[in-house]
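The values are calculated or read from the model by the stated rules, or taken from the named source; none is laboratory data. If you're wondering where the values come from, they're calculated on a predicted model, not measured in any experiment. Backbone-built Cβ (ideal geometry, glycine too); neighbour counts: all protein chains shown. Surface accessibility is based on the protein's heavy atoms, side chains included, excluding ligands, DNA and RNA. Shrake-Rupley method; radii C 1.70, N 1.55, O 1.52, S 1.80 Å.
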Amino acid sequence: MKRFSNYLREIRAKGKRSFTLDQAMKDLNLKRDNILTSVYRAKKRGDLISPASGLYVIVPPEHQVYGCIPAEELIPILMDYLQEDYYVALLSAAAYHGASHQKSASFQIISNKRFMRPLDFGQIRIECIYKKSLAGLPITNIAVSTGYLKVSTPEATAMDMLCYINKSGGLNHIATVLSELVESIDPDKLLTLAKSSDEVAWIQRLGYILEKLEPMNDNITKIAADKLAGHLSESRQRYIPLASELDSEGSQRSKKWHILENATIESDL
C-alpha cells in the first residue's frame, strides 16, 4: 500500500495543492475510514488543513509555522470547491490597489454564501461578509499560485468601504485608506458604478469624504468628487448623517452632498 505521505508528495509534484476525500479513496484504493485515519495523522503533524468537509489542503513546511497556506492562495481552492462566488473586498482589496498601510487583521472577502463565522486556520483568519448578489460588480483577477484571485476594483472597493463602514474600521480609517486608494481610482469607472447602484448613501458619504482628503493626487480626487456630485444633482436626495450611529440633531448641513455633518473626518496620513 502506498504510504499516505508519499501520496501527498506526489500531489505536490504534480503542481496541485489540494485533494478531496473521494479523490484519495479512488487514487489509493482505500476505504473511507482508512483515508480519514491517515488524514487525521497528517493534520496532527500540520501537513494538512480541512477548510471544508471533504476538502484537504496541503500545508508545505515553509507555511506550517502559520498553520495554513496564505489566505490569498487558500481562497481560490476553497471557493472553487464550494462552487460559490466571491471577491476579495474592503481593506484586503485596498491593499492590492496601493493602500497597504491600513491592512485588516483578517483577510476580507464578500460572498453570496452565508458563513456562520470567520474561517480560522492557525494564524490565518478569513472574514466572510455576506452580500445577496454579486452580479455585475466590477472585479479584477490576480494570478496566485493556486489559480486566480477575484479582487474588487479600486472603484468597487471604495463603494464597499462606505457600504460596510464598521467592517472597514470606521470613517476616519476609510478616509486614510482612500487617501492612498484614490491614486488607483478611475473617475469615469466610479461614475459608472454610481449610476448602476441602487444605493445612494455610499455615494453621498464617499463624495463628502473625498473633498475632505489631502491626497497626493488632488486632480483625480477633485474629478472623482465632481462626477459624483454631478450624478447626485440629477435627482433629489434626502439628508443622511455622516456617521449613522451618532446623533445628528443640530448638525451642520452639507447642501452639496446632503450630509448631516455629525462627525469630523480626520485621516491618519
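Do we have V144 as in contact with a helix residue (DSSP H, G or I) (Cβ under 7 Å, 6 or more places away or on another chain), within 21 Å of D80 (Cβ to Cβ) and surrounded by 18 or more Cβ atoms within 10 Å (Cβ to Cβ) here? In short, no.
With the structure loaded, tell me whether H258 is open to solvent by 30 Å² or more (accessible area, probe 1.4 Å), under 16 Å from L190 (Cβ atoms), in contact with a Leu (Cβ under 9 Å, 6 or more places away or on another chain) and free of Cβ contacts under 8 Å to residues at least 60 places away in the same chain or whether it fails that test.
Numbers: open to solvent by 30 Å² or more (accessible area, probe 1.4 Å): yes; under 16 Å from L190 (Cβ atoms): no; in contact with a Leu (Cβ under 9 Å, 6 or more places away or on another chain): yes; free of Cβ contacts under 8 Å to residues at least 60 places away in the same chain: yes.
Considered against the rule, which asks whether it is open to solvent by 30 Å² or more (accessible area, probe 1.4 Å), under 16 Å from L190 (Cβ atoms), in contact with a Leu (Cβ under 9 Å, 6 or more places away or on another chain) and free of Cβ contacts under 8 Å to residues at least 60 places away in the same chain, H258 comes out as no.
Residues that are farther than 15 Å from D120 by Cα and under 14 Å from the mean Cα position of the chain (by Cα) within region 45-78 comprise just one, P76.
Among the residues making up region 171-203, those that are within 15 Å of K103 (Cβ to Cβ) and open to solvent by 20 Å² or more (accessible area, probe 1.4 Å) are H173, E180. Among residues of region 203-215 that are farther than 14 Å from A263 by Cβ, those with a Cβ under 8 angstrom from a residue that is modelled with pLDDT under 95 and charged (D, E, K, R), sequence gap 6+ or separate chain, pair up as P215/E180; P215/E183.
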